[in-house]
Amino acid sequence: QFCSQALSRQGLSAVGPQTSSAAPAAMAPRTMPRKAAAPAATKRETQAAAAAPAAKRQKVDPACRGIIEAIEQASDLPEACRKMLLACIPTAFATPNGQRHETQSSMVAMVGEVINEVTSKLEEAAVAEREKVVDIEGRKTQLESALKDAEEELVAATQEVGTKTAAFAEAATATDEAKAARQDKQEMQRMGDLVMVTSRVEKTALETVMSASLSVIIEGQSDDAAQHYNELLPFLQGGVDESLMSALPSSCGKKAAERGSFDTMVLEQIGTLFKDKLAALAKAVDEAAPAAEERAADVAAAQVALETASAAQQGAADALNGAKGAEQGAAAAARAAKDALSAHEPEYASATTARDDKAAELENFKLYNVASFELLRDRAAVEASSVAVSGGA
């Protein structure tokens, strides 16, 4: 934009100087109107035409080449502006100082500004590299101190791992002991509750058959008395008089209206037998309850102790894992600190090389590119007469 505005003020476009019929002969010629297509050339004519530009091309003045290279290094320069400056350099700088017209002087000034910008960037880069070297030189003491601290932290972390390992082993032993104690209490509960559990199951079964079968038989209204009788048989094994057992099927099979006094007596005895057996089972359950409750309490306490021991073991495991993680982190930090210290010398060498390269690049740019610009910018007429100017950049 800068180049375009400057050239517009001088009557130029972004692609080169605009000429008129009164423009100097050194300015670029105007574009000729497009002609109609010519007939196809012969092979010999084509080869001659291809060789013609090479024959007319002239060498570029070394000083002018230095200016061109400087323009090519201007990375922030728009490409259109770069092309325009490159196209105008030979004409503008071929004219001696003091004989340039206003447009050529503007061109020389713009080129000078671009070269100054490039010089400034090279100086900034050189300063930045020098500052990097200063920073790297001051890091060695810091790196040595960091390594010492990291190694001390690693020793402390390793000791902590040993402490946590012992604590975990102790917690694991306590958990094993608590687990064994709970298993003992559970076995004692199982053996002690066996009689009570058996009595409770028999009592429940007896209550069910008395309600579902014996009561139906005594009422004497069922048509399926034989099935109900079969439900009673498992509870009549042992302890029942043979005569009663022999009379029972007949008495159970009769309906209430068909029964005699003997049938009634048989059923009453069976009812009494079931009630006595139910009472005995209930008593056995009640008498076993306190001991069962005590055994259950022992199992519950053992379970709590096991859970407490397990929680302590888990805590010890977490602490051990944390200590191991800290040890790994400390080891990694120590390795990183050692590597950083070892890398100091190569880093310093690389930084000094970069610093020297940037300084040399700046010095070369000043000695060649800037000097070339100043030489052609200030060249007097007697010097300019020997300058060979090419037809284009």
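The values are calculated or read from the model by the stated rules, or taken from the named source; none is laboratory data. A quick note: this is a predicted structure, and the numbers were derived from the prediction, not measured. A quick note on method: Cβ atoms are made from the backbone with ideal geometry, for glycine too, and the neighbour counts reach across all protein chains shown. In case anyone asks, the SASA skips ligands and DNA or RNA and just uses the protein heavy atoms, side chains included. Shrake-Rupley method; radii C 1.70, N 1.55, O 1.52, S 1.80 Å.
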Figure the gain on full extension for Asn321 and Val240 (residue separation times 0.36 nm, minus the Cα-Cα span) and round it to one decimal in nm. 22.1 nm
Determine which residues of segment 214-244 fall in the zone a paramagnetic label at Met265 would reach in this model, i.e. backbone nitrogen under 19 Å from the point 7 Å along Cα→Cβ. 218, 240-244
Restricting to Cα pairs below 8 Å that are 6+ residues apart, what does the relative contact order work out to for segment 69-168? Please round to a whole percent. 26 percent
First select every other residue whose beta carbon is under 13 angstrom from the beta carbon of Gln186; then total the charges, Lys and Arg +1, Asp and Glu -1. +1
Counting Lys and Arg as +1 and Asp and Glu as -1, each charge on the Cβ, what is the dipole of segment 153-283 about the Cα centre in debye, to the nearest 20? 200 debye
Separation in nanometres of the label points that stand 7 Å from Cα toward Cβ, at Gln183 and Thr198: 2.6 nm
Per residue, how large is the accessible surface of segment 259-393? Use a 1.4 angstrom probe and give square angstrom. 57 Å²
Most packed first (mean Cβ within 10 Å per residue), the peptides 168-178, 224-234, 104-114 order as 104-114, 168-178, 224-234
Could you report segment 144-198's accessible area per residue, 1.4 Å probe, as an integer in Å²? 67 Å²
In whole angstrom, how far apart do the alpha carbon centroids of segment 259-308 and segment 175-208 sit? 15 Å
Give, in nm to one decimal, the length gained when the segment between Glu374 and Asp176 is fully stretched (0.36 nm per residue of separation minus the Cα-Cα distance). 62.0 nm
Could the peptides 344-353, 330-339, 84-93 be put in order, highest first, of the mean number of other beta-carbon atoms found within 10 Å of their residues? 84-93, 330-339, 344-353
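Tell me, what is the FRET efficiency for Lys366 and His101 to the nearest 0.05, using R0 = 35 angstrom and their Cβ-Cβ distance as r?
0.75
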Semi-axes in Å, largest first, for segment 306-361 (Cα gyration tensor, √(5λ)) are 52, 8, 4
